[in-house]
Amino acid sequence: MKTDVNFYHTVIETFGAPAQVWMLVEQCGEVLNALAKYRRGRGSKEDIISQLACVHIMVEQIACLFGWDDFEAEKVRKLQRLHKEIDKHGSV
């Protein structure tokens, strides 16, 4: 499914930017908890995937709030840098 930037703007307008920013903070905490539980043998991969999906959606909403195009450009720049680091290590 392609990211619907307009839908994210509607969500932000509906619930308010402060609420959505705080929701991202909460979701990040939940993914951290899911990872910690998994590490201790008390969580599941499904829990992690579910929480990662929530964080991903919230990150995209906040990227819309601060500038989707800038976010996408920065993501490309950071992935290029990561590729260079991997190349240095001879892993690709």
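Given the conditions (1) exposed (fewer than 11 other Cβ atoms within 10 Å of the Cβ); (2) not in a helix (DSSP H, G or I), and given that Thr3 satisfies all but one, which numbered condition is not satisfied?
Going through (1) exposed (fewer than 11 other Cβ atoms within 10 Å of the Cβ); (2) not in a helix (DSSP H, G or I) one by one, Thr3 breaks only (1).
Condition first: more than 19 Å from Thr3 (Cα to Cα), surrounded by 10 or more Cβ atoms within 10 Å (Cβ to Cβ) and not aromatic (Phe, Trp, Tyr). Can you find one or more residues in segment 54-69 that meet it?
No, there is no match, as no residue in segment 54-69 is more than 19 Å from Thr3 (Cα to Cα), surrounded by 10 or more Cβ atoms within 10 Å (Cβ to Cβ) and not aromatic (Phe, Trp, Tyr).
Return the pairs, sorted by first residue and then second, in which the second residue is in a helix (DSSP H, G or I), the first residue lies in segment 73-92 and is farther than 19 Å from Ala63 by Cα, the beta carbons are less than 6 Å apart, and the residues are 6+ apart or on different chains.
Final answer for the pair search is Val92/Ile86.
Restricting the search to segment 31-45, which residues are closer than 24 Å to Gln20 by Cα and over 12 Å from the mean Cα position of the chain (by Cα)?
Leu32, Asn33, Ala34, Leu35
Within segment 26-51, work out how many residues are under 28 Å from Val5 (Cβ atoms), in contact with a helix residue (DSSP H, G or I) (Cβ under 6 Å, 6 or more places away or on another chain) and open to solvent by 60 Å² or more (accessible area, probe 1.4 Å).
Count: 1.
Filter segment 34-49 down to the residues that are free of Cβ contacts under 8 Å to residues at least 12 places away in the same chain and in a helix (DSSP H, G or I) and list them by number.
Ala36, Lys37, Tyr38, Arg39, Lys45, Glu46, Ile49
The values are calculated or read from the model by the stated rules, or taken from the named source; none is laboratory data. Quick caveat: nothing in here was measured; it's all calculated off a predicted structure. Heads up, the Cβs are rebuilt from the backbone with ideal geometry, glycines too, and the neighbour counts pull from every protein chain shown. Ligands, DNA and RNA are stripped out before the accessible areas are found, and what is left, the full protein with its side chains, is counted by its heavy atoms. Shrake-Rupley method; radii C 1.70, N 1.55, O 1.52, S 1.80 Å.
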